[in-house]
Amino acid sequence: MSDSIQAVNAFLDNLFVHGPWLVYLVILVACFIENIFPPFPGDSFIVAAGALVGLGRLQLIPALLTVICGGMASVMVLYWFGRRYGRDFFWRRDFKYFSRRDIEAVEKRLARWGGGILVISRFVVGIRAALAVAAGIGRYSSVRMFIYSTISYLLFAGLLMYIAVSLVENLEVIER
């Protein structure tokens, strides 16, 4: 295990030679990709950002804002895609991840719980991207979509980063 940790540290050292902006850029792109391509492990980049904050290699506020901006950019792209192309586009194609049944279920939840479901959306794997598309299809308010999704990102990323920072700062205690 120590060899892999050394390899990760060497990789990070090479990135940080160019300044932290490159690391922030990687985090931003990773958080954007996660919503567009759901199998991508974007949450692990949030945890990694938190660990780097705990190690003093990144600053908390810029790291958190980077995560939120990357994620929100892709959420709004998906929202506008759903709004632009509408229900028929998805129903005609019956995609695996955006099937007719999936979209109908998400639309019902959104109609029933509105902003509440958007706030918890980051915490529920599997509905994140579909919810953004369904909100666009259902012509949910773009301002509300942005506000509630930003709150969701702030809570989710803040929690993951807090856990990562706490683990890094208490690593000596954990190792005992």
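Quick notes
- Some residue of segment 62-80 being of a type in the set (Ser, Thr, Tyr) and exposed (fewer than 15 other Cβ atoms within 10 Å of the Cβ): no
- Filter pass, Gly138 being in contact with a Leu (Cβ under 7 Å, 6 or more places away or on another chain), modelled with pLDDT of 95 or more and surrounded by 15 or more Cβ atoms within 10 Å (Cβ to Cβ): no
- Just one of the numbered conditions (1) touching a Gly at 6+ places or on another chain (Cβ under 8 Å); (2) at pLDDT below 90 is not true of Arg128: (1).
- For segment 93-136, a tally of residues being in contact (Cβ under 8 Å) with a residue 24 or more places away in the chain, farther than 21 Å from Cys31 by Cβ, touching a Lys or Arg at 6+ places or on another chain (Cβ under 8 Å) and not small (Gly, Ala, Ser) returns 1.
- When Val67, Val26 are checked against the criterion of being among the β-branched types (Val, Ile, Thr) and in contact (Cβ under 8 Å) with a residue 24 or more places away in the chain, Val67 stands alone in meeting it.
- Val143 passes every criterion in (1) exposed (fewer than 14 other Cβ atoms within 10 Å of the Cβ); (2) more than 15 Å from the chain's Cα centre (by Cα); (3) modelled with pLDDT under 90 apart from (3).
- Count of segment 78-98 residues which are under 23 Å from Ser141 (Cα atoms) and either among the aliphatic types (A, V, I, L, M) or part of a loop (DSSP other than H, G, I, E, B) (or both): 2
- Single unsatisfied condition, Leu52 versus (1) surrounded by fewer than 16 Cβ atoms within 10 Å (Cβ to Cβ); (2) within 25 Å of Glu172 (Cβ to Cβ); (3) at pLDDT below 95: (1)
- Number of residues in segment 110-126 that are surrounded by fewer than 19 Cβ atoms within 10 Å (Cβ to Cβ) and over 18 Å from Asp43 (Cβ atoms): the value is 6.
- Those residues of segment 146-176 which are closer than 19 Å to Arg57 by Cα, over 21 Å from the mean Cα position of the chain (by Cα) and assigned to a helix (DSSP H, G or I), in sequence order: Val168, Glu169, Leu171, Glu172
The values are calculated or read from the model by the stated rules, or taken from the named source; none is laboratory data. As the structure is a computational prediction, the values presented were derived from the model and not from experiment. Positions of Cβ are backbone-derived with ideal geometry, glycine not excepted, and every protein chain shown enters the neighbour counts.
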